[in-house]
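The values are calculated or read from the model by the stated rules, or taken from the named source; none is laboratory data. Predicted model, so just to flag it, every value in this text is computed and none were measured. FYI the Cβ positions are ideal-geometry reconstructions off the backbone, even for glycines, and counts take in every protein chain you see.
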Amino acid sequence: MDRSSKITINPISRIEGHGKITIHLDENGDVCESRFHVTQFRGYERFCQGRPFEEMPVITQRICGICPVSHQLASAKACDAILGVDIPPTAKRLRELLHMGQFIQSHALHFFHLASPDLLLGWDSDPAKRNVVGVIGEFPDLALKGIRLRKFGQEIIKALGGKKIHPVFAVPGGVMNALNDDDRDTLLSGFGQAYEATYAALNIIKDWLGNNLEEAKRFANFRSIYAGLVDKNGCPALYDGKMRMRGHDGNTLAEFDPARYLEFIAEQVEPWSYLKFPFFKPHGYPGGCYRVGPLGRLNAIDAMGTPEAQKEFDEYKKLSASGLKGSTLLFHYARLIELLYCLEKAEIMLEDDLICGHDIRITADPSNREGVGIIEAPRGTLIHHYRVDKYGILEKLNLIVATGHNNLAMNRSVNLVANEYIRGGEVREGLLNRVEGAIRCFDPCLSCSTHALGQMPLRIEIFSCSGEFINEIRRP
Amino acid sequence: MKKPKLATVWCEACAGCHMSFLDLDEALVDILSRVELTVSPITDFKDYAFPQVDVGIVEGGVGNKENREVIEHLRQQCRFLIAWGDCAVFGGINTLRNWLPKDDVLRCAYVKTAGTVNGIIPAHEDIPQLLDKVLPVNAVVAVDGYIPGCPPAPEALAYCLKELLAGRLPVLPADMIHFD
């Protein structure tokens, strides 16, 4: 019997944006090809042309409602470069604090609201209940901890930028507002609960990995390059640093000033996705597959740079060295270690009086025609590159977004997981959920990734190898 | 009494309105206990197979063929449709591309950007075609309620849902109406 067919998973749920997965099965019902499609496009690179560069921090943050702060900061940094200024130390601190608020809320959102249903309720649990509502029902105390942790991150953003989503804060040359003492004290009082929630999450993922070690070893575990921004000590540099690309064996392949990114990163277009495929130029396409985001960063750095996160990182490295280094499931663990790191960094910054300084902005006329702003967004390295005319009007933009860097790796992961679980034509909902789970590990932001014209639906169809449409798997 | 059913979708948007919904924080637990959440980006329902629902909520404008199909289908399946956030209400920031030819916008992103090696414009049966312009939801289907804002305050959506649960047509108080 011919079992060739095409499976479509659409939309990929519990991720940000519009994505879809298609899996082609051969006549034996085994996977012969799979694809992760991003189905949204918006056109920022074009419609921002002709506008004053100063508008960009406010406009480009609308690329994403989960990480607007990252876009605002990358944009503001590109604008600083056009002005040719070094912003005042307090302004830099305040931007970094805003950024930590962003990481805390985004990582908490991903773990508790989006990913935890798979881990706490199970891959194969009832899909109608496999969501945050189900988690609230089964684990009300834990769910509340997660909700409050995300809230804490959002409140840092609100204290600085006036609102939680699409705040108005970073501007070319600095920031809009100083932080007042009352808000500083209020924020400092929130760390106890935030640490407690983060450790609760860390315990969950460590237990889960301990109990599912074999699955983790087989789950989209592959060699790749890892990338992230690092400081001069090889610690994470989420706001500003050199970009490091490190091979699977731990050797550094490149470490460069972000403004030189075009020497190392190029992008391929595939006709079947609105998301381009960046690759490490010296290794070509598709060999130059690299991973960014929590797993990419933790596999690219030498140390965390904060005491509590360092303890967790030591444990992580042991687990990683036991054959899990390339396991896509390790993203969850890496993400929570970063969450801990961000809490520590935010607390250190808030305890230093510099944070309440009033020298927060430099004004200047543009002195450069080009500016590159690179930052580590929660999901990975984010690049804003602008070129302006002599009046400061945008002539050209290039945006490479975290999720884009991971596009090759996400496709690879889908393929590996589909091959692992779908055999002989047996297709169950729970198996398809694992395929989606591979994408979820990356915490993709498909709105971000398709700023070009941005939206990413995820769906799975099954086709025969000859391309004939066979079947669509539908969930309730 | 059976819980009222709710469906939420995002179309051409940034997810910020849904994030604002999650910003209800502790109050979210109460709201979610009083409704049955069906199709939504945070649940695992597939293929936008909306059951009959009492309230449908749309974030985002209508920018491609799939958006349009989803909205038309949701309209058929829901009693009360809310356009939620500036993109759904007005078309939003994405309408900045409406002044430009579609091909020009695509060519800029996929052919002209620095660093792109094989300039081709994606086109495939598995990705939806763009519409010529991004439209607000009410340019495609009838809308019963509007909550503007980029994003709307979390309290605004909570207020509307509570009014609907109480059997009243929501009228947003002035302090919940803003456009940024």
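B:A7 falls short on exactly one of the conditions (1) over 16 Å from the mean Cα position of the chain (by Cα); (2) touching a residue at least 24 places away in the same chain (Cβ under 8 Å), and that condition is (1).
For region B:17-60, a tally of residues being facing chain A (nearest Cβ under 10 Å), crowded, with 18+ Cβ neighbours inside 10 Å, touching a residue at least 40 places away in the same chain (Cβ under 8 Å) and over 16 Å from A:A143 (Cβ atoms) returns 7. Only one of the numbered conditions (1) buried (at least 19 other Cβ atoms within 10 Å of the Cβ); (2) closer than 27 Å to A:R14 by Cα is violated by A:G122, and that is (1).
Scanning region A:35-51 for residues that are surrounded by fewer than 24 Cβ atoms within 10 Å (Cβ to Cβ) and either within 16 Å of A:I7 (Cα to Cα) or aliphatic (A, V, I, L, M) (or both) turns up just one, A:R35.
Restricting the search to region A:235-278, which residues are of a type in the set (G, A, S) and either within 14 Å of chain B (Cβ to nearest Cβ) or in a loop (DSSP other than H, G, I, E, B) (or both)? Selection gives A:A237, A:G241, A:G247, A:G250, A:A259, A:A266, A:S273.
Could you tell me whether region A:91-103 includes any residue that is over 24 Å from A:D352 (Cα atoms) and either within 11 Å of chain B (Cβ to nearest Cβ) or in contact with a Phe, Trp or Tyr (Cβ under 7 Å, 6 or more places away or on another chain) (or both)? Within region A:91-103 (the criterion being over 24 Å from A:D352 (Cα atoms) and either within 11 Å of chain B (Cβ to nearest Cβ) or in contact with a Phe, Trp or Tyr (Cβ under 7 Å, 6 or more places away or on another chain) (or both)), the answer is no, since none of the residues qualifies.
Can you go through A:K281, A:K206 and tell me which one is within 14 Å of chain B (Cβ to nearest Cβ), at negative phi, surrounded by fewer than 23 Cβ atoms within 10 Å (Cβ to Cβ) and of a type in the set (K, R)?
On the way: A:K206 fails: within 14 Å of chain B (Cβ to nearest Cβ).
None of the other options fit; the residue is A:K281.
Of all residues in region A:117-127, those satisfying the criterion of being within 13 Å of A:N433 (Cα to Cα) and of a type outside the set (D, E) are A:P117, A:L119, A:L121, A:G122, A:W123, A:S125, A:P127.
Listed conditions (1) closer than 18 Å to A:S327 by Cα; (2) under 16 Å from the mean Cα position of the chain (by Cα) are all met by A:D249, apart from (2). A:D2 satisfies every condition listed in (1) of a type outside the set (A, V, I, L, M, F, W, C); (2) part of a loop (DSSP other than H, G, I, E, B); (3) at pLDDT 95 or above except (3).
Exactly one condition in (1) basic (K, R); (2) assigned to a loop (DSSP other than H, G, I, E, B); (3) buried (at least 16 other Cβ atoms within 10 Å of the Cβ) is false for A:R223; which is it? The number of the failed condition is (3). If you filter region A:13-29 down to residues that are over 29 Å from A:L114 (Cα atoms) and acidic (D, E), you find that the one that is nearest to the other protein chains (Cβ to nearest Cβ) is A:D26. Filtered by the rule that a residue be crowded, with 19+ Cβ neighbours inside 10 Å and outside any helix (DSSP H, G or I), region B:77-108 gives B:C78, B:L81, B:I82, B:A83, B:W84, B:G85, B:G91.
Filtering region B:52-70 for residues that are part of a loop (DSSP other than H, G, I, E, B) and farther than 17 Å from B:H18 by Cβ leaves a non-empty set.
May I ask you to list the residues in region A:138-170 that are facing chain B (nearest Cβ under 9 Å) and part of a helix (DSSP H, G or I)? Let's see the steps before the verdict.
Filtering region A:138-170 down to residues facing chain B (nearest Cβ under 9 Å) leaves A:140, A:143-144, A:147-148, A:150-151, A:154, A:163-166, A:168.
Residues satisfying the conditions are A:P140, A:A143, A:L144, A:I147, A:R148, A:R150, A:K151, A:Q154.
Regarding A:V38, is this residue under 19 Å from the mean Cα position of the chain (by Cα) and either more than 7 Å from every other protein chain (Cβ to nearest Cβ) or modelled with pLDDT of 90 or more (or both)? The answer is yes for A:V38. Checking A:A115, A:A170, A:A159 one by one, the residue that is within 30 Å of A:G84 (Cα to Cα) and surrounded by fewer than 24 Cβ atoms within 10 Å (Cβ to Cβ) is A:A159 and no other.
Answer yes or no as to whether A:L187 is assigned to a helix (DSSP H, G or I), touching a residue at least 40 places away in the same chain (Cβ under 8 Å), of a type outside the set (D, E) and surrounded by 18 or more Cβ atoms within 10 Å (Cβ to Cβ). Show your work before the answer.
On the way: assigned to a helix (DSSP H, G or I): yes; touching a residue at least 40 places away in the same chain (Cβ under 8 Å): yes; of a type outside the set (D, E): yes; surrounded by 18 or more Cβ atoms within 10 Å (Cβ to Cβ): yes.
In short, yes.
Anything in region B:109-123 that is farther than 21 Å from A:G284 by Cβ, outside any loop (DSSP other than H, G, I, E, B) and at the interface with another protein chain (Cβ under 7 Å from one of its Cβ atoms)? List them, or say none. Result: B:A109, single match.
From the list B:V89, B:V111, which residue is under 28 Å from B:T8 (Cβ atoms) and among the aliphatic types (A, V, I, L, M)? Full working, then the answer.
Numbers: B:V111 fails: under 28 Å from B:T8 (Cβ atoms).
That would be B:V89, the only listed residue that is under 28 Å from B:T8 (Cβ atoms) and among the aliphatic types (A, V, I, L, M).
Quick check, is A:K232 surrounded by fewer than 15 Cβ atoms within 10 Å (Cβ to Cβ), more than 14 Å from chain B (Cβ to nearest Cβ) and of a type outside the set (A, V, I, L, M)? It is true that A:K232 is surrounded by fewer than 15 Cβ atoms within 10 Å (Cβ to Cβ), more than 14 Å from chain B (Cβ to nearest Cβ) and of a type outside the set (A, V, I, L, M).
Which residue out of B:L130, B:L161, B:L157 is within 30 Å of A:E370 (Cβ to Cβ), surrounded by 14 or more Cβ atoms within 10 Å (Cβ to Cβ), touching a residue at least 40 places away in the same chain (Cβ under 8 Å) and not β-branched (V, I, T)? Show your work before the answer.
Numbers: B:L161 fails: within 30 Å of A:E370 (Cβ to Cβ); B:L157 fails: within 30 Å of A:E370 (Cβ to Cβ).
Among B:L130, B:L161, B:L157, only B:L130 is within 30 Å of A:E370 (Cβ to Cβ), surrounded by 14 or more Cβ atoms within 10 Å (Cβ to Cβ), touching a residue at least 40 places away in the same chain (Cβ under 8 Å) and not β-branched (V, I, T).
Considering only residues that are assigned to a helix (DSSP H, G or I) and in contact with a Pro (Cβ under 7 Å, 6 or more places away or on another chain), look in region B:138-180 and name the one that is nearest to B:E59 (Cα to Cα). Among them, the one singled out is B:C160. In the set (1) touching a Pro at 6+ places or on another chain (Cβ under 7 Å); (2) at pLDDT below 95; (3) in a helix (DSSP H, G or I), A:P457 fails one condition alone, (3). Kindly indicate whether any position in region A:402-412 is within 14 Å of another protein chain (Cβ to nearest Cβ) and at positive phi. Among the residues of region A:402-412, not one is within 14 Å of another protein chain (Cβ to nearest Cβ) and at positive phi, which makes the answer no.
Here A:E263 fits the description: modelled with pLDDT of 95 or more, over 27 Å from A:L97 (Cβ atoms), charged (D, E, K, R) and surrounded by fewer than 18 Cβ atoms within 10 Å (Cβ to Cβ).
Counting the residues of region A:56-90 that are within 13 Å of chain B (Cβ to nearest Cβ) and among the charged types (D, E, K, R) gives 1. Which residue out of A:R379, A:R335 is closer than 30 Å to A:N415 by Cβ, out of contact with any strand residue (DSSP E or B) (no Cβ under 9 Å at 6 or more places or on another chain) and of a type in the set (K, R)? Checking each option against the conditions leaves just A:R335.
When you look at A:G296, is it in a loop (DSSP other than H, G, I, E, B), modelled with pLDDT of 95 or more and of a type in the set (G, A, S), yes or no? Talk me through it step by step, then tell me what you get.
Values: in a loop (DSSP other than H, G, I, E, B): no; modelled with pLDDT of 95 or more: yes; of a type in the set (G, A, S): yes.
It is false that A:G296 is in a loop (DSSP other than H, G, I, E, B), modelled with pLDDT of 95 or more and of a type in the set (G, A, S).
The single residue among A:S75, A:S70, A:S13 that is surrounded by 24 or more Cβ atoms within 10 Å (Cβ to Cβ) and in a loop (DSSP other than H, G, I, E, B) turns out to be A:S13.
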